[in-house]
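Participant: My structure is below; once you've seen it, I'll send some questions.
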Amino acid sequence: MSYYVYVLASGRNGTLYVGVTNDMVRRVYEHREGLIPGFTKRYRVHQLVHWEEFSEIAEAIAREKRVKRWLRKWKLELIEQNNPTWRDLYEDMAP
């Protein structure tokens, strides 16, 4: 089984959210459709701009916690390193 750390954004250089899941398509869909009450629904943070895959849940959780503690500048650099146009990566994985 794979586990994922993902970053959602409200738009380029917008509000960011870092999460972890074992089902990227389902979890991002839930965020996009506002099915999960809380931060992403309130601030409309629905665009998948970065994700990383792990084989062990402990690794994924450790990475999520580490990235959440990062300065905003470092998170922006992480996104722009692999997705300089801030393209919504969900479109590539949605059924």
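The values are calculated or read from the model by the stated rules, or taken from the named source; none is laboratory data. Since the structure is predicted, the reported quantities are computational estimates derived from the model, not experimental observations. Neighbour counts are summed over all protein chains in view; Cβ atoms, including those assigned to glycine, are modelled from backbone coordinates with ideal geometry.
Participant: Among the residues of region 32-51, are any surrounded by fewer than 14 Cβ atoms within 10 Å (Cβ to Cβ) and either in contact with a Leu (Cβ under 8 Å, 6 or more places away or on another chain) or touching a residue at least 40 places away in the same chain (Cβ under 8 Å) (or both)? Reasoning before the result, please.
Facilitator: Start the filter on region 32-51 by keeping residues that are surrounded by fewer than 14 Cβ atoms within 10 Å (Cβ to Cβ), which leaves 33-39, 42.
Pick out the ones that are also either in contact with a Leu (Cβ under 8 Å, 6 or more places away or on another chain) or touching a residue at least 40 places away in the same chain (Cβ under 8 Å) (or both) and you get none.
Checked against the condition, which is being surrounded by fewer than 14 Cβ atoms within 10 Å (Cβ to Cβ) and either in contact with a Leu (Cβ under 8 Å, 6 or more places away or on another chain) or touching a residue at least 40 places away in the same chain (Cβ under 8 Å) (or both), region 32-51 yields no hits at all.
Participant: Can you tell which of R63, R27, R87 is outside any helix (DSSP H, G or I), among the basic types (K, R), at pLDDT 95 or above and out of contact with any Lys or Arg (no Cβ under 7 Å at 6 or more places or on another chain)? Talk me through it step by step, then tell me what you get.
Facilitator: On the way: R63 fails: outside any helix (DSSP H, G or I); R27 fails: outside any helix (DSSP H, G or I).
Selected residue: R87, the only one of R63, R27, R87 that is outside any helix (DSSP H, G or I), among the basic types (K, R), at pLDDT 95 or above and out of contact with any Lys or Arg (no Cβ under 7 Å at 6 or more places or on another chain).
Participant: Yes or no: L78 at pLDDT 95 or above, in a helix (DSSP H, G or I) and closer than 25 Å to M1 by Cα?
Facilitator: Working: at pLDDT 95 or above: yes; in a helix (DSSP H, G or I): yes; closer than 25 Å to M1 by Cα: yes.
Yes: the conditions hold for L78.
Participant: Something else about it: Select from region 55-95 the residues that are more than 13 Å from the chain's Cα centre (by Cα) and of a type in the set (F, W, Y) and list them in ascending order.
Facilitator: W70, W74
Participant: Name the single residue, out of those in region 32-51 being at negative phi and in a loop (DSSP other than H, G, I, E, B), that is modelled with the lowest pLDDT. Full working, then the answer.
Facilitator: Step one: filter region 32-51 for residues at negative phi, giving 32-33, 35-37, 39-43, 45-51.
Now drop any that are not in a loop (DSSP other than H, G, I, E, B), which leaves 33, 35-37, 43, 45-46.
On the way: E33: 94, L35: 94, I36: 86, P37: 92, Y43: 95, V45: 97, H46: 95.
That would be I36.
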